[in-house]
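Colleague: First, the structure itself, so that you have it in front of you.
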Amino acid sequence: MISRKPRNRFLCNYNPVPGRTSGGASGSGGSDSGDVPAEFGGGSGPAGASTDPTEAHLETILESIFAAAVQTGREATGAVPNDEVKERLTDRLPDDVGTSYSELSNILEKLDSTEYVTTERVDGESHISLTPAGEAKVFERDTGSAGSGGGDDHRWVLREAFTAFTKIGYETWLPQQDGGELPDGVADSPIDVTDVDESLSGNEVIEEIQQRKDRLQEQYPPVWELSGADGLSIEAETSTLKTPFQTFNNLNKSKRRGNLCVFALKDESANKGEFAYWGRRAEQAIYETVQHKNSSKIINYEPVWRKRRPDEDSNPRYYNRSCGGDCW
């Protein structure tokens, strides 16, 4: 599993983003990025790293403002009360950062000196909103320098998926693509049911985990219904379904991480006259299906990893990971 916040559960987690620290027990800290923006005086300290919480956790803070907006029915750049942002920061920041509302106020105040947000008073209450530059910063890390960063369709689909999963409560983020094993996007459960005090007795741990499960189910019904306490690996599939070896590879990576894999697909209403065209193509590629005129029906929900027609002896042919999908 991939997680960005250093919770108790991930004591030896690998680093999902270059410059991002994830290891350590709860309260160990960690930074979003080793590259400090110029607005904060980047370049000071080793490799431009910063100990200022606004600088060190810039992406997480901007994502929290984005989440506060879209989860309350506003536009992504809509103004939201500072208190709503602080509630999300409390869940998303490391346990030793933003430990008081006063510190969270300082974080947002420091952010006001950047190009990423604007602030205003509405009915005597402080509000904050993302600027277009701030919204772009939220999605910046899906580009990457590697080929896995994706083209225009890929990035648009991923932005739509990011927004959709954030709206229903997931803590969604985009790893920096390096051409390796990372998914396009990650949606963490808003409540980590295993993030409990390690000093508790065995029975107390079980009771605390159950309480967290109940809270997750009550506060975030769509999250619970979709993935329970697990996270999501989001894969934007815009062209790979035509030769779906990479689709299988993405699904396999997600299963190894223990996440539910969600394929985000294009709407083909304009080109194919069918919204679900690519979804049907994906089903036919991954599962055993039978064709019914213009639709298909899944008859076996176990992935079959089968491609095209059987061989001359009527045996199904399968993808071979070792040869990159070009042989059988």
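Quick note: the coordinates plus some simple rules give every number you see, no bench work behind them. These figures come from a predicted structure and were not determined experimentally. Note: ideal-geometry Cβ built from the backbone for every residue, glycine included; neighbour counts use all protein chains shown.
Colleague: Quick check on the exposure proxy: order Ile107, Ile234 from fewest to most C-beta atoms within 10 angstrom. Mind dumping the intermediate values first?
Modeller: Values: Ile107 23, Ile234 28.
Fewest to most other Cβ atoms nearby, the residues stand as Ile107, Ile234.
Colleague: Going by how many other Cβ atoms sit within 10 Å of their own, how do Trp278, Trp173 line up, fewest first?
Modeller: Ascending number of Cβ neighbours within 10 Å: Trp278, Trp173.
Colleague: In addition: Between Trp156 and Asp195, with labels modelled 7 Å along Cα→Cβ, what's the label distance in nm to one decimal, could you check?
Modeller: 3.5
Colleague: Quick one: Karplus J couplings for the stretch 206-221, per residue in order, coefficients 6.51, -1.76, 1.60, θ = phi - 60°, nearest Hz, x for Gly and Pro?
Modeller: Couplings: 4, 5, 5, 4, 5, 4, 5, 4, 4, 5, 4, 5, 6, 8, 9, x Hz.
Colleague: Would you list Ile209, Ile65, Ile191 from fewest to most Cβ contacts within 10 Å? List each step's numbers first, then the result.
Modeller: Values: Ile209 17, Ile65 28, Ile191 20.
Listed from fewest to most nearby Cβ atoms, that is Ile209, Ile191, Ile65.
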